[in-house]
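Report on the following structure.
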Amino acid sequence: MKFHVITFGCQMNVGDSDWLSRSLVAKGLTPAPEDEADLIIINTCSVREKPELKVYSILGRLAEYALEKPYLFIAVGGCVAQQIGTKLWRRFPLVRLVFGADGLAAAPQAILRLITEPGLRISLLDFTDTYPERQAAWPEETVPAQAFVTIMQGCDNFCAYCIVPFVRGRQKSRHSAAVVAECRELAARGAREITLLGQNVNSYGLDASGDGASFASLLHRVAAVDGIARLRFTTSHPKDLSPEVIAAFAELPALCPSLHLPLQSGSDAVLRRMGRKYDTARYLRLVEDLKKSRPDISLSTDIIVGFPGETEEDFQQTMDMVRTVGFESGFSFMYNDRPGVAATRFDPKIPMEIKAERLARLQVLLDDLHTAALAARVGTRTKVLVEGASRKPKPGRPSWRGREPGNRVVDFEYAGPGDPTGTFVTVDILEAKKHSLRGKAV
């Protein structure tokens, strides 16, 4: 049986798909291109409308493709699967498995059963009260130098615009001993950089499912694991970013000077309607403390434009906030209603043309800040964890790509022996491109 995985959405979905692929390989299945696969798994996202619509488009296309492959079947997982559930079966007969985030741990065994029972359909949509531990699946002797470790599932914040608590459930923290054990295993197999994942990592351990360990204490324990040279985490909610976590940026050499801290809006009035539970003054104090703790920290963010009731003045306050903080990069989106969230009842809705115009202005500003931040790195020397060959190497000049501690992409020429993938290489930064840096190995 050959399988192919298609992933939409956040880094947690990427991590989930990676675990599922490894689990299926460990059970004897073979990864393959889409046009060769007998099983196609779509790991979905419904945080925004566009990825959800892409899922339906793919399912429609695969229905035509199945005419030439009568044994093909489809599994749909993630947020859209949780949201739509078994209704997918009626609209798309090829779908034989639907599973939510809490059902992921049982998905590999369910797939094996579906292979042997062609007429069967299975749904794994129940939420669990505790974090559903997954069996380790490492069919390879080694792992990539960069690895992801999930530390929690779900969210308790219920921001007015966000569907996550409805499709990923309430917050469930994983026991700290299990997290540390997985990090040790990864390091022993060759991982040098670990990224801790969760919907809101700063609230790790604050729910009944945890074992009392705080996120700051978890950072210290993971950073102490032998072999881990770099540590990152995502995503953070500003309301739960503690002084102890901020201090960890100064105390832990392995903790990279890079933080994604979603702002969502620079207007206090909009933040209140969003239910974000912080204001701009609180956010700026966090930024000030972070920069005191780690002066070289690189900050990125998420911003929503056109939230119901957003005025031009509100939007200008967002633009001012972006300039004040000096984000190096940001993900920006136009607001759209998601099923069941509180903001669907909020008025007035902002016309599409106004949202699009505001988004364009914001993205120009974010691009300018990103360009300036990259330009400021020219002339510096840094260590790059090599991910692989450059996508666009210059003829006759072997080059590679990786990331430096601030999470900036670096392409660099390398004349050393062998393939440096998975190793650290010291690089002099010589040039800033549109979205990356270029340099030369020392």
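The values are calculated or read from the model by the stated rules, or taken from the named source; none is laboratory data. Keep in mind that this is a model prediction, so the values were computed, not measured. Cβ atoms come from the backbone with ideal geometry, glycine included; neighbour counts cover every protein chain shown. Note: accessible area is taken over every heavy atom of the protein model, side chains too, but ligands, DNA and RNA are not part of it. Shrake-Rupley method; radii C 1.70, N 1.55, O 1.52, S 1.80 Å.
Values as computed for the structure displayed
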quantity	calculated
Cβ pairs under 9 Å, 6+ apart, first in region 353-376 and farther than 12 Å from residue 330 by Cβ and hydroxyl-bearing (Ser, Thr, Tyr), second open to solvent by less than 50 Å² (accessible area, probe 1.4 Å) and at pLDDT 95 or above	371/432
Any chance residue 168 is touching a residue at least 60 places away in the same chain (Cβ under 8 Å) and either in contact with an Asp or Glu (Cβ under 8 Å, 6 or more places away or on another chain) or over 27 Å from residue 422 (Cα atoms) (or both)	yes
Count of residues meeting criterion [open to solvent by 20 Å² or more (accessible area, probe 1.4 Å) and under 15 Å from residue 332 (Cα atoms)] in region 257-296	1
Pick from region 302-343, criterion more than 26 Å from residue 353 (Cα to Cα) and open to solvent by 20 Å² or more (accessible area, probe 1.4 Å), ranking: farthest from the chain's Cα centre (by Cα)	324
Extreme residue, nearest to residue 231 (Cα to Cα), among residues of region 379-393 that are part of a loop (DSSP other than H, G, I, E, B) and open to solvent by 20 Å² or more (accessible area, probe 1.4 Å)	380
Residue list for region 394-424, filter: open to solvent by less than 70 Å² (accessible area, probe 1.4 Å), more than 20 Å from residue 256 (Cβ to Cβ) and of a type outside the set (Asp, Glu)	399, 414, 416, 418
Members of region 238-256 that are open to solvent by 10 Å² or more (accessible area, probe 1.4 Å) and in a loop (DSSP other than H, G, I, E, B)	242, 252, 253, 254
Only listed residue being among the small types (Gly, Ala, Ser) and in contact with an Asp or Glu (Cβ under 7 Å, 6 or more places away or on another chain), chosen from 300, 242, 258	300
Criterion: farther than 30 Å from residue 198 by Cβ and crowded, with 18+ Cβ neighbours inside 10 Å - qualifying residue of 62, 39, 29, 20	62
Matching residues, region 344-357, being of a type in the set (Lys, Arg) and within 26 Å of the chain's Cα centre (by Cα)	355
Selection from region 150-178 of residues that are assigned to a loop (DSSP other than H, G, I, E, B), small (Gly, Ala, Ser) and surrounded by 23 or more Cβ atoms within 10 Å (Cβ to Cβ)	154
Filtered residue count, region 179-221, keeping only those that are at positive phi and surrounded by fewer than 20 Cβ atoms within 10 Å (Cβ to Cβ)	2
Condition broken by residue 271, with the remaining ones in (1) free of Cβ contacts under 8 Å to residues at least 40 places away in the same chain; (2) assigned to a loop (DSSP other than H, G, I, E, B); (3) more than 22 Å from residue 371 (Cβ to Cβ) satisfied	(2)
Hits in region 223-264 - residues which are under 18 Å from the mean Cα position of the chain (by Cα) and among the charged types (D, E, K, R)	230, 232
Qualifying residue in region 368-389 (condition: modelled with pLDDT under 95, in contact with a Phe, Trp or Tyr (Cβ under 8 Å, 6 or more places away or on another chain) and farther than 24 Å from residue 252 by Cβ)	yes
Checking residue 299 against (1) open to solvent by less than 40 Å² (accessible area, probe 1.4 Å); (2) assigned to a helix (DSSP H, G or I); (3) touching a helix residue (DSSP H, G or I) at 6+ places or on another chain (Cβ under 8 Å), the condition it does not meet	(2)
